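Notes for the one structure printed next.
The values are calculated or read from the model by the stated rules, or taken from the named source; none is laboratory data. For clarity, every value in this text was computed on a predicted model and none was experimentally measured. Positions of Cβ are backbone-derived with ideal geometry, glycine not excepted, and every protein chain shown enters the neighbour counts. The area values use the complete protein model at the heavy-atom level, side chains included, leaving out ligands, DNA and RNA. Shrake-Rupley method; radii C 1.70, N 1.55, O 1.52, S 1.80 Å.
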Amino acid sequence: MNTVSIRKWGVAAEVQAGYWWRACATVARRLPSAGACVAGRLRSAWARRGVRLAALALFLLLLLPVAGLVHHVYFDASDLPDIESFIRFEPPTIGEVSDARGTVLIELARQYRRVVTYDEVPVVLRQAILAAEDKNFFAHSGVEYGALPRVIQKTAVRSLATWWNGDEGFRLRLPQGGSTLTQQLVRGYFLRDRASREGNDTLFRNGLTPWLLSAALGVPTTNKLLRKLEEVRLTLWLEREMERRYGSKEQAKRQIFARYASFIYLGNGRYGFAAASEYYFGKPLSSYTSEDAGKAALLAGIGKSPRDYAPVAGDPRPLRRRNEILALMARNGYIPEDLATRCEAEPVRVAAVHSVKTQAPAAIESVFDELRQHGGDRFGVEDLFMGRVSVRATVDARVRTIVNEALETGLALYEKRHPRAKGLIQGSVVVLRNGDAAILAEAGGRQVYQDRRNAYSDYNRVTGSLRQPGSAWKPVVYLAAFRQGLDLDTTVPDEPIDVSMGSDRGEKWSQLRRSVRGPNPGPPGAGRVPQHRGRVDHARDRPGHGDPDRPGTGDPLPAAALHQHRARGVGGAAARAGGRLSRDGLRDPGGAPRRRSRHRRLRGGALRGATARRRARLHRAAPDPGS
C-alpha cells in the first residue's frame, strides 16, 4: 500500500512537476513578447505626451510673437511721429508767378497740389470718395475690422492661386485694399519711405518676432505685414490725437478727410482732388453740382491705381471703375438711380492738356535770377517750386502779347525778304518802364524755333547775349549835361581836341558839336568825355545799368558791350532824375514840355532809316542763327 501509495504519489508528483515545468516553459516563452508589449505601450504613452509638449511649445512660440505684435499695435506709445507737423499740414503746393494785374503767368511745383478744407470739397465728390474707399469712415475708429474676413479670404485665394500655378513656392500673398481713408493717409504721410522699401530683402526690424515671421513667410511679406501693423498702430493713434485736438470725433474726421482729399496722388503729377479736377476736366471744385456725379466718380476711382484708372478718353478701365462707383453711390442712397444710369451712359471726356507752360518764358527766367540774387537766406527758387512763396512780377500780359506778336511778325517779314535766312535767325525784345526800368515785357527768343517751343529754361537773349548799345547811351550823356545846367539851346565849344585812348594806344581826334541839339544828333560834348567822364559814369550807374560791384568802371561809350535789358534801361535815367523824355522834348516835373526843332525829328527819322538799311546789309552778308 505504501509502495503503491509512494508509487501513486510519485506518479502524481511527476505529473505535477511536469505541469509546472511546462507552465514555466510557457511563461518563459511568452515573457519576452509581454515585455515588448509593455515597453511598446510605455513608448506610445511617452510619444503622445511628447506630441502634446511639442504642440504646447509651438503654440507658446507662436503666441509670444503675436502677443508682442498686439502689444505693439494697441499699447506701445514709443517712437510716434510728430503730430504738430500733421496739424499744420504744409505739404508742397503750387507756386504762382503773376503779372502786375494779377494774371497767372505760370504755375510751378514739385507736386501740383491745392490744399482744401472739408467744406471746399463738394458734397457729390465726398459721397463718391466714401462710396469708393470707405463708406463707414465717420463711424469707425480708423480701422474697419468688419473688412478683416474679406481680407483673409483674398489673402488665402491669392496665396493658393500663386502656389497652384507653380510661379513660386507657397508664400503668404497679402492683397491690396482693405485700408480706410485714415490708413491710406497714414501710409502716404508717415510711412512713405517704409512702403517704398518693403520689397527689399532686408527686414525693417530686428528681433525674434521678425526673424520667426520671415522664416515662415519670407522677408518681403514680413516687411509688408510689419508695415501694415505699423499703419494700424499709427492710424489708431492719429484718430485719438485728432479727436483730442479738435474736441469731437466729427470734427476730427472732417480734418482727416480734408487732408486726405488734399494729399492723395491722382496721377500725372497731380496731388489732391482740386488739382486733379483742374488737370483732367479743367474744372474747379467750387463749380461741382450733383449733375457732375460722373466726374466725381472718375476722380474718386483714381486713388486705387492712378496708372490704371486715371481718366483717358477711350480707355475702358477708368470707365468701368467709374460705373462701379456710380452704382455704389446709388446703392448707398447718395444719388438717385436715374442719375447714376444717365452718368454711366456718358463717355469719358477729359480736357485738352496744354503743352505750353507759359507765354512769358523769358520773364520767368528773369524771376528766377531775381530770386537767386535777392532772396538770400529768406527765400529762393526752391521755395517757389514748393509753393511756399508766390511772385508778383512787373510784367504786363497785355504788353507781353504785343511783344511776342511784334517779334514773330518782324522776323517773319525779314525771312520773307531774305529766304536763305528762314528758320535760322533769332531775336529778342525787352520793354522797360521809364520811371524805374521795371520789365514790362520780355521775349528772349522766338516762340517756336526749329520745331521746338521756347521754354523758360532756354537761352534768354535779353539777359544772356551781349551787344553794342549804340545810341542807347545818348540819354545818359544828355542827362549828365542837364545835371550840369546845360539845356537844348546851350552852345558848346566847337574845336578839335585829342582824346587819349590809353597809355600805349596813342590819341584819337574827335570833333565837338556846335550845340547840345545841333544839326548832328550825336551826344553833346562828346569830345569832352575825358573832362566829364565821372559825371557820365555817375549818370550811368544810378539807373543800375553799370557793374554793381565796380561803379564807374564801365565804358559809357557806344562801343561797350551790354546785355539788352541794361542797354535799354538807360532811357529811364532822365525820368529818374526828375523829368521824363516825351516825343516833344524834355518835360520837367510840373513844367511845360520843351519843344524840339522839326529838323531834329526829321534827322532822327532819317537816321533810323539808315540804321535799318545798314543792318539789312549786315544780315545779308553774314546771317547769325544765334544773334
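Observations on the structure shown:
- In the set (1) within 16 Å of the chain's Cα centre (by Cα); (2) modelled with pLDDT of 95 or more, Asn268 fails one condition alone, (2).
- Flag for Ala296 being of a type outside the set (D, E, K, R) and modelled with pLDDT under 95: no
- Members of the range 418-439 that are of a type in the set (D, E, K, R), over 18 Å from Arg101 (Cβ atoms) and in a loop (DSSP other than H, G, I, E, B): Lys422
- Residue pairs meeting the criteria (Cβ under 7 Å; at least 6 apart or on separate chains; first under 20 Å from Glu243 (Cα atoms) and touching a residue at least 12 places away in the same chain (Cβ under 8 Å), in the range 77-99; second part of a strand (DSSP E or B) and open to solvent by 50 Å² or more (accessible area, probe 1.4 Å)): none
- Hey, Glu250 touching a helix residue (DSSP H, G or I) at 6+ places or on another chain (Cβ under 8 Å) and in a helix (DSSP H, G or I) or not: no
- Failed condition for Ala412, given (1) more than 17 Å from Asp99 (Cα to Cα); (2) among the hydrophobic types (A, V, I, L, M, F, W, C); (3) open to solvent by less than 20 Å² (accessible area, probe 1.4 Å); (4) not in a loop (DSSP other than H, G, I, E, B): (3)
- Residue check for Arg417: surrounded by fewer than 19 Cβ atoms within 10 Å (Cβ to Cβ), more than 29 Å from Pro469 (Cβ to Cβ) and at pLDDT 85 or above: no
- Breaking point among (1) outside any helix (DSSP H, G or I); (2) over 30 Å from Gln450 (Cα atoms), for Thr358: (2)
- Here is the figure for the range 440-478: residues that are part of a loop (DSSP other than H, G, I, E, B) and either open to solvent by less than 30 Å² (accessible area, probe 1.4 Å) or closer than 27 Å to Ser98 by Cα (or both) total 15.
- Meets criteria (under 30 Å from Leu479 (Cβ atoms), among the basic types (Lys, Arg) and within 29 Å of the chain's Cα centre (by Cα)) for Arg452: no
- Residues that are of a type in the set (S, T, N, Q) and without any contact (Cβ under 8 Å) to a residue 60 or more places away in the chain within the range 353-408 comprise Gln373, Thr401, Asn404, listed in sequence order.
- Counted residues, the range 190-231 - those being within 21 Å of Pro91 (Cβ to Cβ), in contact (Cβ under 8 Å) with a residue 40 or more places away in the chain and either touching a Phe, Trp or Tyr at 6+ places or on another chain (Cβ under 6 Å) or open to solvent by 60 Å² or more (accessible area, probe 1.4 Å) (or both): 0
- Any hit, the range 465-487, residues being at pLDDT below 80, charged (D, E, K, R) and within 14 Å of Ala360 (Cα to Cα): no
- Qualifying residue in the range 361-374 (condition: closer than 17 Å to Gly427 by Cβ and among the hydrophobic types (A, V, I, L, M, F, W, C)): yes
- Helices (runs of 4 or more DSSP H) contained entirely in the range 257-338, each with at least 3 residues that are open to solvent by less than 20 Å² (accessible area, probe 1.4 Å) and in contact with a Gly (Cβ under 8 Å, 6 or more places away or on another chain): 316-331
- Filtered by the rule that a residue be touching a residue at least 40 places away in the same chain (Cβ under 8 Å) and surrounded by fewer than 16 Cβ atoms within 10 Å (Cβ to Cβ), the range 339-348 gives a lone residue, Glu346.
- Taking the range 363-384 as the range and being open to solvent by 100 Å² or more (accessible area, probe 1.4 Å), of a type outside the set (Lys, Arg) and under 24 Å from Arg461 (Cα atoms) as the test, the residues that pass are Glu370, Gln373, His374.
- Single condition Ile364 does not satisfy, out of (1) within 24 Å of the chain's Cα centre (by Cα); (2) of a type in the set (Val, Ile, Thr); (3) outside any helix (DSSP H, G or I): (3)
- Flag if Arg245 is closer than 29 Å to Arg126 by Cβ and open to solvent by 70 Å² or more (accessible area, probe 1.4 Å): yes
- On inspection, Ala131 does not qualify as exposed (fewer than 12 other Cβ atoms within 10 Å of the Cβ), among the aliphatic types (A, V, I, L, M) and either modelled with pLDDT of 95 or more or part of a loop (DSSP other than H, G, I, E, B) (or both).
Listed here are the residues, each with its yes/no results for (1) touching a residue at least 24 places away in the same chain (Cβ under 8 Å); (2) in contact with a Pro (Cβ under 6 Å, 6 or more places away or on another chain).
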{"residue": "Glu239", "(1), (2)": "yes, no"}
{"residue": "Met242", "(1), (2)": "no, no"}
{"residue": "Arg245", "(1), (2)": "yes, no"}
{"residue": "Gln251", "(1), (2)": "no, no"}
{"residue": "Ala258", "(1), (2)": "yes, no"}
{"residue": "Gly267", "(1), (2)": "yes, yes"}
{"residue": "Phe273", "(1), (2)": "yes, no"}
{"residue": "Tyr279", "(1), (2)": "yes, no"}
{"residue": "Ser287", "(1), (2)": "no, no"}
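- When residues of the range 70-103 are limited to those that are open to solvent by less than 30 Å² (accessible area, probe 1.4 Å), of a type in the set (Val, Ile, Thr) and under 24 Å from Val143 (Cβ atoms), the one farthest from the chain's Cα centre (by Cα): Val73
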